[in-house]
Amino acid sequence: MTKDPKIIIALDYDSADAATKLVSRLDPALCKLKVGKELFTAAGPAWVETLSRQGYDVFLDLKFHDIPHTVAQACKVAASLGVWMVNVHALGGRAMMSAAREALETLPQRPKLIAVTILTSMGASDLAELGIQEAPRQMVARLALLANACGLDGVVCSAQEASMLRQQIGIGFNLVTPGIRPASAARDDQNRIMTPTGALTAGANYLVIGRPITQAPDPLAALQSIQQEINLPSLLGAQA
Ligand code: C5P
């Protein structure tokens, strides 16, 4: 058990009932929870607030991307739900990220604010079509450095980018990595995957894990088995 669990379970469900079924078997000391657009749209803010009140660190993954004022206000409302982490799109730019950070700074207890760099679903040709000639990896680094310069607390990135970003930005900047698959799990539709241990060793602070836990015959056992794997003594240095 840890006060700062490294595993964030992605609650990718289309109803509060379905998510509650899993959450009722979990414990805030074992994991954090991620609520994305699908579940948030179905279950609403009151349900998110309930999760926070139950003691869960909730990552509200709504990826805000709008004009600075709108994003700043949205972040403030998200913070009022008691969540642990919120996020914005780094492509919203310096003014938008700075406005979000400044809005949260005024609060007595603020959530961590992180940025999505380049969606892992996008490749070089998708970027070229948008007029972006830089390679995805370089764009990820560029946007992560910008997020850091704007005072954000970290970024969502692929575990395969974690060591590059850790080298460029140093410690204290949170790297939150999806696309995590224990060696024995199915890849599903994720292409650029890494094991939980591999991601932490590469410099990730938190691992977003969905289907390997939520679709497992026994989700709690799946979570505990990943916990055991990442708590091996050889990794404790990497997690500090
Ligand atoms: O089920 P799985 O472990 O693939 O779920 C990963 C979670 O991380 C999903 O909620 C997905 O939307 C999210 N995510 C991702 N890749 C990103 C950003 C978020 O898979 N680049």
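The values are calculated or read from the model by the stated rules, or taken from the named source; none is laboratory data. Everything numeric here is computed off the predicted structure, so don't read it as measured data. Every residue, glycine among them, receives a Cβ derived from its backbone with ideal geometry; neighbour counts consider all protein chains shown. What goes into the accessible areas is simple: the full protein's heavy atoms, side chains included, and nothing from ligands, DNA or RNA. Shrake-Rupley method; radii C 1.70, N 1.55, O 1.52, S 1.80 Å.
GLY172 fulfils the conditions (1) touching a residue at least 60 places away in the same chain (Cβ under 8 Å); (2) within 17 Å of the chain's Cα centre (by Cα); (3) surrounded by fewer than 15 Cβ atoms within 10 Å (Cβ to Cβ) except for a single criterion, (1). Given the condition at positive phi and out of contact with any helix residue (DSSP H, G or I) (no Cβ under 6 Å at 6 or more places or on another chain), answer yes or no: does some residue in the range 163-170 qualify? Yes, the conditions are met somewhere in the range 163-170. If you go through the range 184-215 and pick out every residue that is loosely packed, with under 15 Cβ neighbours inside 10 Å and within 12 Å of the ligand (Cβ to nearest atom), you end up with 7. For the range 6-48, the set of residues classified as of a type in the set (D, E, K, R) and either open to solvent by less than 20 Å² (accessible area, probe 1.4 Å) or under 18 Å from the mean Cα position of the chain (by Cα) (or both) consists of LYS6, ASP12, LYS32, LYS34, LYS37, GLU38, listed by residue number.
Listed by first and then second residue, the pairs with beta-carbon distance under 6 Å, at least 6 apart or on different chains, first residue in the range 192-212 and outside any strand (DSSP E or B) and among the hydroxyl-bearing types (Ser, Thr, Tyr), second within 15 Å of the ligand (Cβ to nearest atom) and open to solvent by 40 Å² or more (accessible area, probe 1.4 Å), are THR195/ALA183.
Of the residues making up the range 72-125, those that are β-branched (Val, Ile, Thr) and either part of a helix (DSSP H, G or I) or more than 16 Å from the ligand (Cβ to nearest atom) (or both) are VAL77, THR106.
With respect to the stated conditions, ALA147 fails to be modelled with pLDDT under 95, within 16 Å of the ligand (Cβ to nearest atom) and touching a helix residue (DSSP H, G or I) at 6+ places or on another chain (Cβ under 6 Å). In the range 104-121, the residue that is farthest from MET139 (Cα to Cα) out of those that are open to solvent by 10 Å² or more (accessible area, probe 1.4 Å) and aliphatic (A, V, I, L, M) is LEU107. Is at least one residue of the range 174-183 away from the ligand (no atom under 12 Å from the Cβ) and assigned to a helix (DSSP H, G or I)? No; the residues of the range 174-183 include none that is away from the ligand (no atom under 12 Å from the Cβ) and assigned to a helix (DSSP H, G or I).
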